[in-house]
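The values are calculated or read from the model by the stated rules, or taken from the named source; none is laboratory data. None of the values given here were measured: they were computed from a predicted structure. Reconstructed Cβ throughout: ideal geometry from the backbone, glycine too, with neighbour counts over all protein chains shown. Note: areas computed on protein heavy atoms with side chains; ligands, DNA, RNA excluded. Shrake-Rupley method; radii C 1.70, N 1.55, O 1.52, S 1.80 Å.
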Amino acid sequence: MTASSARIQDPTPETTWLLVCTYQRNDLLTRLLESLKSVQMPPGTTIDQPHVIVVDNSPQPTAEHLVQSYSGARYVHEPRPGIATARNTSLEAVPEDAQAVVFLDDDEQVTTDWFVSLLSAACESSADAVAGPVVPIFEGEEPDWVSTYGYVRRTDFPTGPHPRRLATNNTLVLSTWFGHPRHGGRGYRFDETFNFIGGSDSDLFERMMDDGAQFWWCAEAVVTEHVPIERSTKQWLRRRALRGGQVRVAKKRLRASPSTWVTLGLVAEGAARASYGAVRRFSHRARRRPVTYTDDYYLCEGLGMLKAVMGQGRAEYARKS
């Protein structure tokens with residue numbers, strides 16, 4: 001039996017819950033909730049707007065009044081710090097009769113036909129998870145270097161089966177993956193090892209893939225993402241790649257028994273990735289071609305792996321006291 005065959009029925013608007021975790025970004029959360037009020041609903045739907053659960057991960061419950069302005073939304077305050085903890089709290093708040101959940105980030109806005117497109121793709125594909133594009137909207141003008149260096153865009157896939165891992169910034173997942181085993185669910189949760197370094201979503205979707213999950217891409221289910229000025233730099237993207245190396249090490253360590261050979265393997269892989277990236281950069285510069293984000297990513301990810309093995313990784317999402 002495949003993972004998809006375990007589904008009980010297709011998700012409907014009434015049995016689908018949108019999950020949003022937020023941390024001190026009330027202005028962006030307001031924009032997201034306003035965009036959700038304008039989405040089209042499928043014909044025959046008995047609710048006016050999608051169900052939403054908002055988990056406020058701030059030390060104090062500062063977003064409750066915003067959520068109350070959205071009909072049918074549930075507000076949960078989770079003061080324990082960490083993105084994986086907040087995501088798990090959102091899953092615990094999902095009703096038992098839910099058929100699907102949709103992960104959204106608090107800095108996104110949905111398009112009018114986004115919800116209809118996502119649900120239609122989930123029903124027609126019978127996939128375990130369906131994801132859609134996230135289009136960056138830069139604060140101010142889009143930087144000139146984006147056309148040659150590149151950026152993190154998820155818009156280049158056609159609608160259909162998706163063999164790559166997904167993320168939690170515009171993705172529907174059948175609830176059976178998160179339900180309690182005594183009710184026929186698989187009991188999946190986000191690993192809190194990644195609370196402050198990021199990567200809990202990629203870890204979860206990789207585990208789902210290993211367990212036979214089938215993924216689908218829906219090019220029509222578009223959301224936009226607010227990109228602030230401080231993230232509109234090559235330096236920020238390189239720091240992101242360094243963190244990617246740290247996350248890669250954490251995943252591999254979780255999946256292997258501690259040993260000297262594992263550590264040596266991580267060092268070798270980190271050095272190989274850094275070397276490959278350095279060669280790509282040198283080659284492009286020698287041919288007077290622009291260095292790309294992919295070139296820098298290999299280099300920085302490899303360096304990030306080496307730093308993590310030496311215990312020098314950064315807890316980028318740790319709260320400042």
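Tabulated values for the structure
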item: Residues of the range 1-124: accessible area per residue with a 1.4 Å probe, Å²; result: 43
item: Options Ala86, Ser126, Leu303, ranked by Cα towards positive dipole end of the chain, top entry (Cβ charges); result: Leu303
item: Built amide H within the under 5 Å cut-off of His77, gap 5+; result: Asp56
item: Cα-projected label distance for Thr292 with Trp236, points at 7 Å along beta-carbon direction, nm; result: 2.3
item: Calculated from backbone phi, Karplus (6.51, -1.76, 1.60) coupling profile of the range 244-261 in Hz, x at Gly/Pro; result: x, x, 5, 5, 4, 5, 4, 5, 5, 5, 5, 8, 10, 6, x, 6, 4, 5
item: Label point at Asp144 placed 7 Å out along Cα→Cβ; residues across the range 207-251 whose backbone nitrogen lies under 16 Å; result: 233-234
item: Residue-span extension gain [Glu124 to Gln40] - 0.36 nm each, minus C-alpha spacing; result: 28.4 nm
item: Rounded to 5, percent antiparallel among DSSP beta bridges of the chain; result: 35
item: Burial ranking of peptide ranges 293-300, 92-99 (average Cβ count within 10 Å, highest at the top); result: 293-300, 92-99
item: Rounded FRET efficiency, nearest 0.05, which uses the C-beta distance separating His180 from His77 and R0 of 25 Å; result: 0.60
item: Given charges at beta-carbon only (K, R positive; D, E negative), |dipole| of the chain in Debye; result: 1900
item: Segments 176-188, 129-141 sorted - mean Cβ within 10 Å per residue, highest first; result: 129-141, 176-188
item: The chain - percent of accessible surface contributed by carbon and sulfur, probe 1.4 Å; result: 52
item: Most to least packed among 226-235, 25-34 [average Cβ atoms within 10 Å]; result: 25-34, 226-235
